[in-house]
Amino acid sequence: MILDLGTGDGRAVLQRASSEPDALVIGVDASATAMVEASRRALRQRVPNAMFLAAGVESLASSPLAASADLVTVTFPWGSLLRGVLGLDAAALAGVAATLRPAGDIEVLASVIPPDGVAGMASLGPDAWPSIRAAWASAGLAWLAPRLATRDDVARSGST
């Protein structure tokens, strides 16, 4: 199972579910409204392996999604999900961590710039990595391969 946390408009879920028909792909976002059109498209386009769930990341530890994902993706999060993956919101990070099966992976593509107003972090670069790594370790996660994203990484994300 693949979970796309902070899925927004759900396009990434539909694309992945279409390209990986043997995988169940679930988009999770705190805003149900954002996912309505993607949910309708999944029905119209007959993409039975795409699902959407309206839930805050903090609630996932006690949800049926706990310990269920082989892969969790987080693409350009904001709000509590961004603070969570940055290690600045322990409850949000715990929710993310709780969704993984043993040996599962998390892929995060994040950006922090001053207008984001992330208290305690003006930008996301190598200077911030030690504190993020430490927060992930306290959530039971290994932060393995941090790197700065390239323009190609951003373009491939398909994020709107």
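Computed from the coordinates by the stated procedures, all read-outs in this text should not be read as laboratory data. Owing to the predicted nature of the structure, the values given are computational and were not obtained by experimental measurement. Methodologically, a virtual Cβ is constructed for each residue, glycine included, from the backbone with ideal geometry; neighbour enumeration extends over all protein chains shown.
Please list, ordered by chain and number, the residues whose modelled amide H lies under 5 Å from the amide H of ILE106; skip anything fewer than 5 residues away on the same chain.
Placed amide hydrogens put VAL72 under 5 Å from ILE106.
Express the relative contact order of the chain as a whole percentage, based on alpha carbon pairs under 8 Å and six or more residues apart in sequence.
Computed over the chain, the figure is 20 percent.
Which whole-Hz couplings ³J(HN,Hα) result when phi for each residue of region 60-77 is put into the Karplus expression 6.51 cos²θ - 1.76 cosθ + 1.60, θ = phi - 60°, listed in order with x for Gly and Pro?
Going residue by residue, I get 6, 4, 10, 9, x, 7, 4, 6, 10, 9, 7, 9, 10, 10, 9, 10, 6, x Hz, with x marking Gly and Pro.
Working out 0.36 nm times the residue gap between SER18 and ALA145, then minus their Cα-Cα distance, what length gain in nm do you get to one decimal? Write out the running numbers ahead of the final one.
Values: separation 127, 0.36 × 127 = 45.72 nm, distance 2.76 nm.
Once the chain is fully extended between SER18 and ALA145, it gains 43.0 nm.
If you average the alpha carbon positions of region 72-90 and of region 94-150, how far apart do those two centres end up, in angstrom?
With region 72-90 and region 94-150 each reduced to a Cα centre, they are spaced 7 Å.
Rank by packing, highest mean first: peptides 137-144, 46-53, 5-12, with packing defined as the count of other Cβ atoms within 10 Å averaged across residues.
So the order, starting with the most tightly packed, is 5-12, 46-53, 137-144.
Which residue, GLY84, GLY104, GLY117, tops the fluctuation ranking in a GNM of the chain built on C-alpha contacts under 10 Å?
GLY117
Compute the Cα gyration tensor for the chain, then decide on rounded, prolate or oblate, letting a ≥ b ≥ c be the square roots of its eigenvalues: rounded whenever a/c is under 1.5, prolate when a/b is larger than b/c in the other cases, and oblate in all that remain.
Working: a/c = 1.72, a/b = 1.46, b/c = 1.18.
It is prolate, given that a/c is not under 1.5 and a/b is the larger ratio.
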